[in-house]
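Undergrad: Got a structure for you, written out below as structure tokens; questions coming shortly.
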Amino acid sequence: MSDISAEGRLLEQGKIDTLHGAILYVEELSVVFDGFRAINKLNLSIDNGELRCVIGPNGAGKTTLMDVITGKTRSPMADISGSVFLGQTMDLRRMNEAAIAQAGIGRKFQKPTVFEEHRVWENLYIAMAGNKHWLTTLRARLDAAGKARMEQVLAQVRLESEAYQIAGTLSHGQKQRLEIGMLLMQQPQLLLLDEPVAGMTDQETMELAELLNQLRGHCSMMVVEHDMDFVAALSGDTGKVTVLAEGSTLAEGTLAQVRQDPKVIESYLGR
Ligand code: ADP
Ligand code: MG
């Protein structure tokens, strides 16, 4: 497939808008699995520093979008066309999963994946090293900058009092926060969170909303979620919400605007 050169041409012709401070730029993205169109000419752009909520019915293509952004799904696993850029210059479709993570995209999956048998601070330490040779890393000394970063992240995810606790003994909500902390140790530019509050109590859900709200300014975020109270807590009165359906953007606007949109009520919220 030679749509790489097509993308290059779009860039040269100035058809890809990279001048408006977008951290993520998705243009005319299509992802087809065995003839099934999971993403269909999707256009989406997230501003630098923005926290964008993405909602939509099951099967809308939300996870597939994250899979393509992170390089988990690439050609020829699926028939992919269109552009996905990080910032102005990083053409994510030309990069593999490791290079994309290295470039500053962190992803939080639904199930927390922490090192259960290690202490909270050790989990953060391992994450800082990018999971490479973590045993060697654990034995090595933490330098001043690393120590400062760890303290900052422990405070951000509110696990200061649990720093020496074995991760396996944390509550579900604390494990979710630890995993976010592990992502933050890598100082990501963009964090992707796929249904982060599934399985959480109402209180844990609101704590996570508060935590993500406080991360504004530290990194940009894209959050996929069905929990409307959580989405409301993140988007407030002015934040932009994107509604995906059948692989394309069905509506975009404030939560109040998209909730009143007849197309959205019909395909998602009305049910
Ligand atoms: P969402 O996260 O919005 O619920 P998904 O992105 O998981 O939706 O799925 C979108 C559609 O693409 C679904 O119909 C799903 O079955 C299909 N799909 C996702 N990944 C694959 C794959 N690897 N192979 C075939 N079909 C897939
Ligand atoms: Mg999904």
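Undergrad: Out of everything in segment 56-79 that is farther than 17 Å from LEU24 by Cβ and among the aliphatic types (A, V, I, L, M), what residue ends up being surrounded by the most Cβ atoms within 10 Å (Cβ to Cβ)?
TA: So the residue we want is ALA60.
Undergrad: Further, regarding this structure: In segment 151-183, which residues are hydrophobic (A, V, I, L, M, F, W, C), farther than 13 Å from ARG119 by Cα and surrounded by 15 or more Cβ atoms within 10 Å (Cβ to Cβ)?
TA: Across segment 151-183, the qualifying residues are VAL153, VAL157, ILE180, LEU183.
Undergrad: Sort out which residues of segment 42-73 are more than 23 Å from LYS111 (Cβ to Cβ) and away from ligand 2 (no atom under 16 Å from the Cβ), and write them in order of number.
TA: Of everything in segment 42-73, those that are more than 23 Å from LYS111 (Cβ to Cβ) and away from ligand 2 (no atom under 16 Å from the Cβ) turn out to be ASN43, SER45, ILE46, ASP47, ASN48, GLY49, GLU50.
Undergrad: Please state which one of THR242, THR249, THR238 is part of a strand (DSSP E or B), touching a residue at least 12 places away in the same chain (Cβ under 8 Å) and surrounded by fewer than 20 Cβ atoms within 10 Å (Cβ to Cβ).
TA: Only one candidate qualifies: THR249.
Undergrad: Can you tell me which residue in segment 193-213 is modelled with the highest pLDDT, limited to those that are among the small types (Gly, Ala, Ser) and more than 15 Å from ligand 1 (Cβ to nearest atom)?
TA: Out of the qualifying residues, it is ALA209.
Undergrad: Any residue in segment 218-232 that is within 14 Å of ARG52 (Cα to Cα) and modelled with pLDDT of 95 or more sitting within a Cβ distance under 8 Å of a residue that is within 14 Å of ligand 2 (Cβ to nearest atom) and of a type in the set (D, E, K, R)? List the pairs, counting only those 6 or more apart or interchain.
TA: Pairs found: VAL224/LYS62; VAL224/ASP194; VAL224/GLU195; GLU225/GLU195; VAL231/GLU225.
Undergrad: Within segment 20-31, does at least one residue satisfy the condition of being over 16 Å from VAL224 (Cβ atoms), within 16 Å of ligand 1 (Cβ to nearest atom), at pLDDT 95 or above and over 21 Å from the mean Cα position of the chain (by Cα)?
TA: no
The values are calculated or read from the model by the stated rules, or taken from the named source; none is laboratory data. Everything quoted here is computed from the prediction, not taken from an experiment. Positions of Cβ are backbone-derived with ideal geometry, glycine not excepted, and every protein chain shown enters the neighbour counts.
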